[in-house]
Amino acid sequence: MTDNPLRLLLEFDSQAQRDRSQPPTFLHRRDRKFALVCEEQGEAPDAARWLAHLNRLSGPRATPTSADRTLASWRRINGGFAVSGAVAGTLAMAGLLFYDGGQRINITVFLAFVLLHLIFALFTTVQAMAGWQPWRWLAHRLGVNPGDGAFTRLQPALMARAAHLGGIAFAIAGLFTLLAMVVLQDLAFGWSTTLDTAATSYHGLVKAIATPWAWLWPAAAPDLALVEATRFFRAGNPTASTDPALWGLWWPFVAMMWATWVLLPRIILWACASVQARQKARRLLTSHPAMHALLYRMETPALDTGNSHHDADDLPDTDTRGNLLSLPDSDILLCWAGAGEPELPESLRSGKQLVLRAGGSARLSDDDQALHRIAEHLKNNTKAVILLVRCWQPPTGELQDFLAAARDIWPDNARVALVPLATDSNQEPDAHQIQPWLRFAQRVGSEFVQVSLPPLQMRDPYTAIGDGS
């Protein structure tokens, strides 16, 4: 499990959503046992180790997790901002440096553009700190899922980071465009303004802007003589009294101004947005409601009340439709998460026209394909689907989601016969291994899911469960 706070928050939130379908007693025993193992190993039972422990129990997954999909969406957003910023930076610099030989490139326009860009960069940071989401419409327009649950509160910081990344690409592309045009063209810079501004005042402004690099590159800090010589007027003829070589001496100042006041602030603000996102992710994880419940379960022993009777071995009401029913006659067999491996019993395999596998290491696309193939087959008057599961594995949220999707795709009269298989497929599952599946069927909906024993069970199923045999 990675220590990335963003991924850690996503994985924890996703696991918390799945744990909602589990009994509180099961969660308490599971997490308390994990805490005791960590105590024996001398480790602190934090969220990262807890998730790694659960991942080892569930085994490897062939399909991307929800955290992978959410982070991939944000990588696409970052990439889109970077590409858009690079294109915009190239075009903006080309427009600022447009020179047809008869006019000067006005340094004043550069100053105004850099100031505007700096204001936009600071506004992006302010909106992230205030929690505004002006880019929400763009995320929806791109058709991506920026995240849900607790992760939603990180969207302002993540959007600010993406915007600053686009600003960095904008600044780098603009700087390279400037250097390329300096080499390829004979650019003529100057300064001009309609205001009644003296050269000394303008030089004071330029000197203040060049303060960060004047000691490092004196040529990039224009002196008063250059400022006085390169002022031009729209109706004047600047070439009459000015050395033509002076018009090109401004480019080091322009390059350093762009790098210092456009590129550098974006890099600093991008780093600040990244730190803000990580710190906020840590705070959200610490204050997550499921984290408080997890810490309580890990710190509190699982106590036995000492009552002479407990309901651990009690079965659900045998009069309800959610209890064991006879196995229906169906020619569709669906094996969930490796059930029936390495070989299906002949009693289940015979007479089946459609045998499919889903769940476990199968990809999501394979699960969807299995759902649609069964839906097509159910149109031929077949109303039941036999679903094989491993009785020793507890029902998972993944199976519940699969059945929810099946209810939407399959015909309304379709039913599912859920058949738990023992480790030895020729043996009957124990009663305590069938009880979780009975409760699972009631939770999903007994009108859609029923629990049946494999055909090797010849006795009355109600009697078999009732006497605990």
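Table for the structure above
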read-out: Computed FRET value (nearest 0.05) for Arg363 with Val275, which takes r as the C-beta separation and R₀ as 51 Å; value: 0.90
read-out: Rough spin-label spacing in nm, given labels placed 7 Å along Cα→Cβ, for Asn413 and His372; value: 2.5
read-out: The range 352-404 versus the range 283-302: alpha-carbon centroid distance in Å; value: 35
read-out: Amide proton proximity set for Arg231, modelled H, under 5 Å, gap of 5+; value: Trp191
read-out: Distance (nanometres) between label positions extended 7 Å along Cα→Cβ at Ala214 and Ser84; value: 3.9
read-out: In nm, spacing of pseudo-spin labels at Ala72 and His292 (7 Å Cα→C-beta vector); value: 3.5
read-out: Global form of the range 372-451, assessed from the alpha-carbon gyration tensor, a/c cut-off 1.5; value: prolate
read-out: Sequence-distant residues sharing a close amide H with Arg357 (under 5 Å, placed H); value: Cys335
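Bear in mind that the values in this text are calculations on the coordinates, not laboratory data. Remember, predicted model here, so these are calculated numbers, not experimental data. Neighbour counts are summed over all protein chains in view; Cβ atoms, including those assigned to glycine, are modelled from backbone coordinates with ideal geometry.
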